[in-house]
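Nothing in this text is a laboratory measurement; each read-out follows from the coordinates by a stated rule. Bear in mind the structure is a predicted one, so any value in this text is a computation, not a measurement. Cβ: placed from backbone, ideal geometry, glycine included. Neighbour counts: every protein chain shown.
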Amino acid sequence: MTFLDALNPAQRRAVEFFEPRPLVVVAGPGTGKTRVLSHKIAYLIKEKGVAPKEILAITFTNFAANEMRDRIESLVQESPLCTTFHAWAYTLIREVLGEEAPFIIDELDALSLFKEAIKLSGLKSAGSARQLFKEIGLMRQSHPPKRPEDWGKKSLFFFYQALLSKHRVVDFDELMLLALSLLEDESLLKTIRKRWPYVLVDEFQDVNGVQVALVEQLSPKYLTLIGDPDQSIYAFRGSDPRALERFVSTHPDAEVITLETAYRCHGEVLGCAASLLSDKSASKKALKAEKGNGPKVEIRGFPGPREEARWIARTIESLTGALSFEAINFSGDVPTEDGAFSLGDVAILTRTRSSVNAIKEALSRAGIPFLETYGHTLAQDRFLRSFIRLISISRGENPAFHKRRLEEEAHMGPNEIDECLKAISKGELKEVLRKIGGDPEDALYRAFLKQVTTTNITGAMPLELGSDVDLLGVRLDAVHLMTIHGAKGLEFPVVFIPRCESGRIPIEGGDEEEERRLFYVAITRAVTRLYITYSSASGGKSP
């Protein structure tokens, strides 16, 4: 018996495909794409004698990269480079430019510089700074990058680029563009192609134009792309749900393999999800549940958001066996599960962060701990933002820029900054968090502190590339509150999707097909139990 015997026929075909032409794997939710990726890499190393250093595996989050690395290391002793697009681009830039490499800034710092650029340009616009920033970001994510056509926006773009250069920083979009421009050097490109003849890219349906161009530029001899067009939900970041289709049309020699057996979801959940898909979808026609039908999907309506939130809290207490006195006296119809699940098994997924307020209140009242993770950069929390700036200063990463920001944002003077830096040097991270006003016992901060104390705080990779979703690798007995976008690529035994009223899901003014795909992603996060709820008092219709 070999490590390949655990694979189904389609998975095994994908793993054993070994020809110098592209392989495209269409993998619906729960069909084992991570298993295929990890086993394919193990196959290359064990059966084909490929050196791990010749393999490059790219995905979209540090969480996914770490999971892939762990899976590979359970099969072979040495893991190849498993990374994200942005981390790989950063590593390339540091390798080529050395000390001259710019530093990375997160979205909030980039928006702050963009607002400065608006003042410098004198642009009078009806649009908000955030909307203009998004608009120009989408232009830069396409390939070739578009440039604003009207003079005012051209001026704004020029001033923004000038501010980035002045502070010797790049935002996430510029990071990718800089990496792509470096690869225009034929000598460097030849070196990189020789270094990584085997490239595997996960979640290819989420790539934008620049990332597609990077993959095309690498042009590896052996290329594997894995994705699912039905799970493309990042159009607002420039992703293209037809990316896989376009790749196959421009590479007619590509081998296409579809994974048809779903191991995550029961048939009831898959049937509910499939009802959202276009008749043209491969997933609607192909996916079969390995587990059978399973429990029914529960759909419930409530008079208002507070009643809905209370029912969710009581149901969680019942599912996890943590019934409070208030829950025992609750008159709502709550399923009894006798503590079949832990709190960490439960996720509440919403379309927007604002949809979760009543639920947070109900959970707090019931004494149910929860961890909020929304797929945002860690620095979007104001205390972690200051914390990350202090760590960046301690690493020597653009200290002048971060000290100025600490003074402006957190009103920290030189003495306070020095005290925090001394605490960091001693490893007193809880004390640093207290000094800047954070509560070390908060679930988010506990997860963050666990992560940074188990990794090298003086490491080379900037924390700006981290996301709050990365903290899901830290085990905490707490319910997960997430947006649907933040839950992409994850799974939970119990999933609640509340506030499913027209105007919220689908969101008002949203693209109908994108909203369908988004709800499809939400539904297919559920492993065992799925609850879809709505509030009639919100003025919208049920799903």
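General observations
- For Gly503, residues with placed amide H under 5 Å, excluding near neighbours: Glu508
- Sorted ascending by nearby beta carbons within 10 Å, beginning with the fewest, Met482, Met139 become Met139, Met482.
- Placing +1 on the Cβ of every Lys and Arg and -1 on the Cβ of every Asp and Glu, with no other charges, gives the chain a dipole of roughly 360 debye about its Cα centre.
- Simple rule: put +1 on each Lys or Arg Cβ and -1 on each Asp or Glu Cβ in the chain, find the dipole, and look at Ser165, Ser386, Phe60; the Cα lying farthest toward the positive end is Ser165.
- Net lengthening on full extension, Glu491/Lys296 (0.36 nm per residue, minus Cα-Cα): 68.4 nm
- Once C-alpha pairs closer than 8 Å and six or more residues apart are averaged by separation and normalised to the residue number of region 187-308, the relative contact order reads 20 percent.
- Cα gyration tensor, the chain - rounded (a/c under 1.5), prolate or oblate: rounded
- Cα-based shape type of region 172-263, given that a ≥ b ≥ c are square roots of the gyration tensor eigenvalues and the cut on a/c is 1.5: oblate
- For Asp253, Asp442, Asp511, order by how many other beta-carbon atoms lie within 10 Å, fewest first: Asp253, Asp511, Asp442
- Our estimate of slack between Glu441 and Glu95, defined as 0.36 nm per intervening residue step minus the Cα-Cα distance, is 120.7 nm.
- Placed amide H near Ala289: partners under 5 Å, 5+ positions off or other chain: Ala262
- Arranged from fewest to most other beta-carbon atoms within 10 Å of their beta carbon, Thr34, Thr250, Thr59 become Thr250, Thr34, Thr59.
- Scanning residues 5 or more positions from Thr31 or on other chains, those with amide H under 5 Å from its amide H are Tyr263, with H placed 1.01 Å from N in the peptide plane.
- Charge dipole (the chain, unit charges on Cβ, about Cα centre) - positive-most of Ser249, Val346, Gly510: Ser249
- Local electrostatic count, Thr59, Cβ distance below 11 Å [Lys/Arg +1, Asp/Glu -1]: -2
- A Förster distance of 35 Å, applied to the separation of the beta-carbon atoms of Leu75 and Arg237, puts the FRET efficiency at 0.60.
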